[in-house]
Every structure is written in structure tokens, then in C-alpha cells.
Ligand code: PLP
């Protein structure tokens, strides 16, 4: 049923309904005023800022929705949590080396994000991972600290290698991770030519298979990494070149969003065995890089389902430290520096997509008059009879009959035998029957399987001012779920259930999977005089760059906020979203040429007397203003 009965309700009920404490990592809560608030300081949870206040601050500065809000403190917190959790695990276990995180740039390449990671992360010597030349340039421009690492994954051409070698010359720990055997000769040749000793890493193809979305791409079928035979071959080549001391790092990446901690342990055990053997062969190894994979609990279920994880950060760190010690200590091998390339766990929480709802489609029947029009066909009378006879013990039968009569009327309409008004009345009667069936379900002894999801066909459609393809590509591409909820009116019980459709008018441009496993989201009725505001949370990883221009909806505005200890906040950075001219440019239109063409059309209309010169002026101004405008719905 799409309506939820309105009984007594508190902000606490809303927090439970939307599972805020399950996915919010302690950062989000519902205020007594019924607004979603963010509290970035673990040591002072009383410091809270309402997202409603932030939205009105953004609007006061002239930016319309949708807006991607980055809360810089949350990014800083994630970096601290990760580094401090490893430091604690290392101290507790008596591990004889340290942790050096690197952030994989591909997870969020946006300049503000990378600059903040480099700035704040420098206190932990947090480095960057680069998978291309462009990313390496970004890393080189941002990492200035000799104790941080830059890890270069991916295919490397001469230019890429030369850049990395120059970084080594500057004193940066810049590792070339070899993904395929044919990369080594070029690295050796260029390091010889430039007179720089390379820091080489090897990427292992582990046999360990992981659970979760990328399960099929792990183990023997993983796309990247060296087989054991290739490893041995490279070690032999390095020995021959007298460069085995340059082999400093062993790398593996089990996959993203590893949901099961057992996979982390078993992958690492396998990698440690390789580490031991390579060390015993004489490799200079001192770094063990576990890649990414630290998962985010998107649905808050703390389970090993695709959108969750069955472990906490402390457990992840402790398991890694212990596993390495368990294998290396009995053999007397020095503890390596532990590197992880955690991406999504570092940035997911810091971004929220805020959008307003533009309208709603209801599937409620219109009020019915007790009598049918006199000339109504027999089928209509049958439909009315079905409506009057729905009871908890005949739901399936009534559903079958209603469907039959409704379809017969549609058929007669196609043949021109009934009029549009009759069909409209029949459709309304049909909806009324479905609604009555859904209302009777709680009293039914058994709900027929076919009817279990009937409420979904009656759910509202709320139209959101955003594009799934631009702002939530993983929701469409890999059925990723994200926490979604209204950010205000939370002291009021939501009385409707809805799916969310975006602006793209594409059947895929919708959200009908939510973190509680339901296909609809509890929402409030829209009001005429107030925007209904929703937030989509944990969108800081992967979503921004993978997004595309479907229907030419461009980048949204981005605002970075920093919350202060006194509960005030500053908008530290703002980036205007794409204008229509920007997105047209991306697809090779020249906005100026479009203006010219439109001017010609308007001028001809003036010449032929269809419009006046003054109207032409207004039209030209409107055309140019539209080109400068936001691609999303503006008020
Ligand atoms: N490192 C490598 C080599 C990757 O391919 C990826 C992404 O798949 C990551 C790190 C980041 O993974 P995650 O975001 O799951 O931490």
C-alpha cells in the first residue's frame, strides 16, 4: 500500500525508519526539529549542523538544487580513522614497521578532494595511487613529503616511466607496479638512461576468490596481475640485470567492496607466502601493498551482502597486522611497511547529493460516484461488482476478475466499441480494486504470491531534480544501493511510499531499490508552498567521474563545507555546475554557432512580418540566457 497510516511519530522513529545510525557511521542523526544533521567531531557530538541550514545557505548564495555537498571534515575524519586504526593495531601487536595509506585517485579525481587528501593526509604521510599518466601528474603535484608513497599501477609507457623516475630523483617514494611481464625491460632501459634506480613493485594475481559484486573477476580469472610463472620470470630477469634490490614492493588487489573479512585474510596469507619466497630469493622487498577493497556499509546491515561488510575497521586492521606477523615471524623476516589503497572507504561518506522533488504521480483512484452512468457496458458493471466483493479470503479471485474485465474494456476501446470516458472510468475502478485488495492483505490468512508486490504498482513516483546517469551511475550500472531519505519534515510521519524518478525521462533513470531491501521509499506528501528535499548519501566514491551526460544533464554544482567547533560552518569552495553551453561543447556543438543559426531564423521571421524586431530581441536574449543556464530544473 502506498499510504502509511499517520499515528504518533517522533524524530527518533524517522531515524529508525531510514536506518540513519546503521549507515551514518556516527556522522548523521535526526534533530528534535526533524532535520537531518551532521556531527563531524567524535569527541564532541553536540556540534551538529542541520543540512536544511546548509541548503538555505547554499540557496542564499544563489545556487539552485541539485547540489553535491562535500563535507570536508568527514573526509579528514575518514583519513584519521583509517590511519589511527592501523597505528593502534600496529602498536597493540608490536608490529615492527608502519602503515602508509595511498588514496587511489580514480575513486574521486576532483581537484578539491585530492588537494584535501594530500593536505590533511600529510600528517599521516598518506600518499596517492596513480593508474595513468594524468593521475601521476596529479600525484606529483600534490605529494611533497618524502615519507609518503606514490604507487603507479596500470600500463606504463616511456613518458609515464620517465615521470616516475624523475619523482624518485626528487626523493619521492614512487613505485612502478608491474602488471605484465613486458613492462620490465622498458623500466630497466629508462632507469639506465636517466641514471635513476627504480622502485619496482609486482602485482600478484592471487588464486583467492572474493565474495560480493566482483567475485567473478577475482581469483584465476582476475584481469590484472602476474601469475606465479610470470613472477619467477621477472625475478630471474632482475637477477640477471643485477637489480633484484630494486624489487621493493609486492602488490595485490582482491577487488573493490570486499564484503567478507575472511577473503581479506586468505588473500593476504597467499600474498605473504609469495613475499617470504621472494625475500628469500634476495629481493629488496620492504613494502606490502594490499590494494583497495575496504568496504562501505551502504545498507547498514553489517552483513557480507554486496552493499555491506561483515567487519569493522579495527578488525580489518588487526587482521592484516596479525596475518602478516603470523607468517613472517616464524621465518624471522622483517615486517614490511603496510600499504592499502582504500578508496571508497576514504571518500564515500564525505559527499551527499541534495535535490528537490519537482512533482509526483499518484496511482490512487479518483473518488468514485456510487452509481455507474446509465449506458455503462456490462463489463463495467462487472468491475463495480468485483470492487464491492473484495474480502480478505477472495483476494486472488478478485484480482483475476478485475484484470480480465479491465483488459476486455481496453480491447473494446481498441476496436472503437467503447469511448475514452468509459475506459477512464474502468481504469479508475481497476485501481480502486487493487487498492482495496492491498488494504485487505493484512487480514488475509495467506497472501497469494502473485499479489505480494501489488503495493508496488500503486506506489507514487516522485520526480527528483537530478540525473541518475550523471550523479549515481553505479545505481544504474551495477544496482548499487545508497541511503536515501528526506532531510527535513522528519518529525512528521511519512504517509506515502514512492519510487524516485530522475529528470532524464529514461526508464532506467529511476531508483527503486532502497537500503531496507524494499522497492519503495517512505516519503511525505508534497506541499505546494515548500520544496521537498532529499539527500542521497555515501556518494563520494566513484560516482562523480563515472557519471555521463545522458540527456545532456551536466555536472551539478559542488559546494564544500567545513564545520567549525563552535557549530558554525564555512563554504570553503564552490564550483558552478555545467551550463548548457558547457555540455553542448562537450558534444561538439559550438554555442556561438547555435546563436548565429537561431538569429538567422528569428531575423527571417522579422522579415516575413511574423514577429517584431523587439520580440526578436527578447528571443535572442532568452536563447543566450538559456545557454548560460544550469542544465537542471531551475525555479
Ligand atoms: N587499487 C586498485 C588497483 C584498484 O583497482 C581499486 C579499485 O578497484 C582500488 C585500489 C580502490 O578500491 P576500493 O575503492 O574498493 O578501496
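Since every read-out is calculated from the coordinates, none of them should be taken as a lab result. Keep in mind it's a predicted model, so treat the numbers as computed, not measured. In this analysis, Cβ positions are derived from the backbone assuming ideal geometry, glycine residues included, and neighbour counts consider all displayed protein chains.
From the P(r) of the stretch 1-141, can you give the percent of Cα pairs sitting at distances over 26 Å? Please report the intermediate quantities before stating the final value.
Working: 4461 of 9870 pairs.
Summing the P(r) tail past 26 Å for the stretch 1-141 gives 45 percent.
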(message) Along its three principal axes, how long is the stretch 417-511 when you only count alpha carbons? Whole Å, largest extent first please.
(response) 44, 39, 29
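Which FRET efficiency, nearest 0.05, do residue 551 and residue 388 yield, Cβ-Cβ r, R0 56 Å?
Working: r = 45 Å, r/R0 = 0.81.
Computed FRET efficiency for residue 551 and residue 388 comes out at 0.80.
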(request) Measure off 7 Å from each Cα along the Cα-to-Cβ vector at residue 396 and residue 122, then give the distance between these two points in nanometres to one decimal. (result) 7.0 nm
(message) Can you compute the equivalent ellipsoid semi-axes for the stretch 326-382, i.e. the square root of 5 times each eigenvalue of the Cα gyration tensor, sorted largest first and rounded to whole Å?
(response) 72, 20, 7
(request) With no solvent and one equal point scatterer placed on each C-alpha of the stretch 352-417, evaluate the Debye formula and give log10 I(q)/I(0) for q = 0.12, 0.15, 0.29 Å⁻¹, two decimals. (result) -0.48, -0.65, -1.30
(message) Could you work out the pair-distance distribution P(r) of the stretch 92-203 from its alpha-carbon pairs, with 10 angstrom bin width and percents rounded to whole numbers?
(response) 15, 46, 29, 9, 1
(request) Determine the gain in length on full extension of the stretch residue 242-residue 60; use 0.36 nm per residue of separation and subtract their C-alpha separation, reporting nm with one decimal. (result) 59.0 nm
(request) Project the alpha carbons of the stretch 356-499 onto their principal axes and report the range along each, largest first, in whole Å. (result) 51, 40, 32
(request) Using label points projected 7 Å from each Cα along Cα→Cβ, tell me how many nm separate residue 427 and residue 329, to one decimal. (result) 7.2 nm
(request) May I ask you to derive the FRET efficiency for residue 604 and residue 359 from their Cβ-Cβ distance with R0 = 41 Å, giving the value to the nearest 0.05? (result) 0.65
(request) Could you state the angle between the C-alpha long axis of helix 158-169 and the longest principal axis of the C-alpha atoms of the chain, as a value from 0 to 90 degrees rounded to the nearest 10? (result) 60 degrees
(request) Rank these for me by crowding, 259, 556, going from fewest to most other beta carbons within 10 Å. (result) 259, 556
(request) Order these peptides, 82-88, 601-607, by their mean beta-carbon neighbour count within 10 angstrom, highest first. (result) 82-88, 601-607
(message) How large are Rg and Dmax for the stretch 531-635 when calculated on the C-alpha trace, in angstrom?
(response) 19.6, 67
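If each residue of separation counts as 0.36 nm, what is the full-extension length gain between residue 277 and residue 621 once their alpha-carbon separation is subtracted?
On the way: separation 344, 0.36 × 344 = 123.84 nm, distance 7.22 nm.
Stretched out fully, the residue 277 to residue 621 stretch lengthens by 116.6 nm.
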(message) With only alpha-carbon atoms in the gyration tensor, what are the semi-axes of the equivalent ellipsoid for the stretch 581-635, in Å, largest first?
(response) 24, 14, 6
(request) Please report the Cα spread of the stretch 5-82 along all three principal axes, rounded to whole Å, starting with the longest. (result) 41, 35, 20
(request) Evaluate the chain: find the radius of gyration of its Cα atoms, find its Kirkwood radius, and give the ratio Rg to Rh. (result) 1.06
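Can you tell me the order of 99-106, 503-510, 343-350, 530-537 when each peptide is scored by its average per-residue count of other Cβ atoms within 10 angstrom, highest first? If you can, show how the numbers build up before the last one.
Details: 99-106: 24.9, 503-510: 15.9, 343-350: 26.5, 530-537: 20.0.
Taking the mean over residues of other Cβ atoms within 10 Å, the ranking is 343-350, 99-106, 530-537, 503-510.
So, R0 is 51 Å and r is the distance between the beta-carbons of residue 566 and residue 157; what FRET efficiency does that work out to, to 0.05? Write out the running numbers ahead of the final one.
On the way: r = 51 Å, r/R0 = 1.01.
The calculated FRET efficiency here is 0.50.
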(message) Nearest 10 degrees is fine. How inclined is helix 51-60 to the longest principal axis of the chain, computing both from alpha carbons?
(response) 80 degrees
(message) Rounded to whole Å, give me the distance from the Cα center of the stretch 368-387 to that of the stretch 471-536.
(response) 37 Å
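Give me the Å³ per residue figure for the convex hull around the C-alpha atoms of the stretch 96-161. Intermediate values should be presented prior to the final figure.
Numbers: hull volume 6.0 nm³, N = 66.
With only Cα atoms used, the stretch 96-161 gives 91 Å³ per residue.
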